[in-house]
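Comments concern the structure below.
The values are calculated or read from the model by the stated rules, or taken from the named source; none is laboratory data. Computed from a predicted structure; not experimentally measured. Glycine also receives a Cβ, built like all others from the backbone with ideal geometry; neighbour counts cover every protein chain displayed.
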Amino acid sequence: MTDTRKMDVRTVHRYLHKGLATSADYEQHLSALPDLAEQAEFIDYEAQFREEEARRLAEEARAEAAAAAAPPPPPAMATAYVPPA
């Protein structure tokens, strides 16, 4: 089979179900694909998550420390109500 669009992983089951492609065609297509595993780049999502979580926690700690170090607001002046004479 020459139409590689029919062998796309997102559509191959539809074409197999409709009879427009066969399992043998699909297996042949898969076996003809080059092995590119050596060129793949490994992404450690767990490490990225840990780094982002550490940055978030550090930022929260900095914000809490800044809030604690800020001078307290001045006390409100209590005024008594004096009715007009």
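Considering (1) exposed (fewer than 10 other Cβ atoms within 10 Å of the Cβ); (2) in contact with a helix residue (DSSP H, G or I) (Cβ under 9 Å, 6 or more places away or on another chain), the lone condition that Met7 does not fulfil carries the number (1).
Out of contact with any Gly (no Cβ under 6 Å at 6 or more places or on another chain), surrounded by 10 or more Cβ atoms within 10 Å (Cβ to Cβ) and among the aliphatic types (A, V, I, L, M) - does that describe any residue in the stretch 23-45?
yes
Among the residues making up the stretch 31-51, those that are small (Gly, Ala, Ser) and closer than 25 Å to Asp8 by Cβ are Ser31, Ala32, Ala37, Ala40. Identify all residues within the stretch 11-22 that are exposed (fewer than 12 other Cβ atoms within 10 Å of the Cβ) and either modelled with pLDDT under 90 or small (Gly, Ala, Ser) (or both); write none if there are none. Of everything in the stretch 11-22, just one residue is exposed (fewer than 12 other Cβ atoms within 10 Å of the Cβ) and either modelled with pLDDT under 90 or small (Gly, Ala, Ser) (or both), namely Gly19. Note on the chain: enclosed helices (runs of 4 or more DSSP H) holding 2 or more residues that are of a type in the set (S, T, N, Q) are 23-32.
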